[in-house]
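Asker: My questions will all concern the structure given below.
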Amino acid sequence: MLSCKEVCYIVSESQDGKYLPWRERFRVRVHLIMCKACQRLVRQMELLRAAVRRYGESEEQVLHPEQETLSDEASARIHERLRQAENDSANDEPAN
Amino acid sequence: MSNDPQDIAAQKPDPGRWLQDYGDALFRYALRRLHNTAHAEDVVQETLLAAFQARTSYSGRASEKTWLTGILKHKIIDFIRKQVRESTVDDINALSDVAAGSGVDDLFDARGHWIHPPQDWGNPVKALHNHQFIENFEHCLERLKPAHAQIFALKELVGQSIDEICKELGITATNCSVILYRARMGLRRCLEIRWAGTNWEERP
């Protein structure tokens, strides 16, 4: 029988998108039927994955809006750099 | 020249306007994957410069924002690749050593059974919308070891496959899986400790 530690690793591998042979899936299932702790582990890992996806995709600034916008200094710096690039390309064009 | 934004957009690509319209969204996207303000600012700048250089290749089929986000994704992948490559092979081996400590294996006894069995976190749908949970989740994500966090971000936030990650970083598939395992277990453990016996859904 698989140990809890092995089940954890296999659950993580399945989240990697790795194909698991039916024999391995079967052994995980048998373990889960008997192990409440690993059932919880699976639910936690599913929740974490959903939370990561939501975190990556959500457009709204949920918790710390002030930390998730470009600072004025950074904006000014990037703006200046872009203006340089525009000037460079404008200077290049007549030569082409 | 007209001042109407639509007209300007139709006339020529304007990096200054991209910065104004999409700068914050691009920055937020980068920050959530790199967890570092200076690095996120750098990739946003690189993205807008690259977009300006490639302006003639913009077909107008995708929205400007989608087009810019696509460029940003590549810049983030490049950035993480560079960072991971700069760490030595020894570091990668240490990071992916499944037997090494760092809070994963002290969870199990010698026979691989839980010493601290996972707790019940309650209703996952409620947890996902619970500010306390989200706050703790973000805190824990930021506390992962940088290399773990970066490779985890490539997989789960940039959407790269294991094969792509291994190839680009020059590490084996097994190392990659072990690093992701450690990242997930580290995140889980951190949340479990901060959860400390209270149901997420019961918190305000």
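Asker: Might you let me know whether segment B:23-32 holds any residue that is within 17 Å of residue A:83 (Cα to Cα) and out of contact with any strand residue (DSSP E or B) (no Cβ under 6 Å at 6 or more places or on another chain)?
Answerer: Looking through segment B:23-32, at least one residue is within 17 Å of residue A:83 (Cα to Cα) and out of contact with any strand residue (DSSP E or B) (no Cβ under 6 Å at 6 or more places or on another chain).
Asker: How many residues does segment B:56-73 contain that are free of Cβ contacts under 8 Å to residues at least 12 places away in the same chain and within 23 Å of residue B:16 (Cβ to Cβ)?
Answerer: Residues that pass the stated criteria total 8.
Asker: Restricting segment B:29-48 to residues that are without any contact (Cβ under 8 Å) to a residue 12 or more places away in the chain and farther than 11 Å from residue B:72 by Cα, which is surrounded by the most Cβ atoms within 10 Å (Cβ to Cβ)?
Answerer: B:31
Asker: Which ones in segment B:41-71 are aliphatic (A, V, I, L, M) and in a helix (DSSP H, G or I)?
Answerer: Selection gives B:43, B:44, B:48, B:49, B:50, B:51, B:68, B:71.
Asker: I'm checking my understanding of the structure. Among residues of segment B:156-179 that are open to solvent by less than 20 Å² (accessible area, probe 1.4 Å) and free of Cβ contacts under 8 Å to residues at least 12 places away in the same chain, which one is nearest to the chain's Cα centre (by Cα)?
Answerer: Top of the filtered list is B:156.
The values are calculated or read from the model by the stated rules, or taken from the named source; none is laboratory data. Everything numeric here is computed off the predicted structure, so don't read it as measured data. Cβ sites come from the backbone with ideal geometry, for glycine too, and all protein chains shown count toward neighbours. When the accessible area is computed, the model is the full protein with side chains, heavy atoms only, and any ligands, DNA or RNA have been set aside. Shrake-Rupley method; radii C 1.70, N 1.55, O 1.52, S 1.80 Å.
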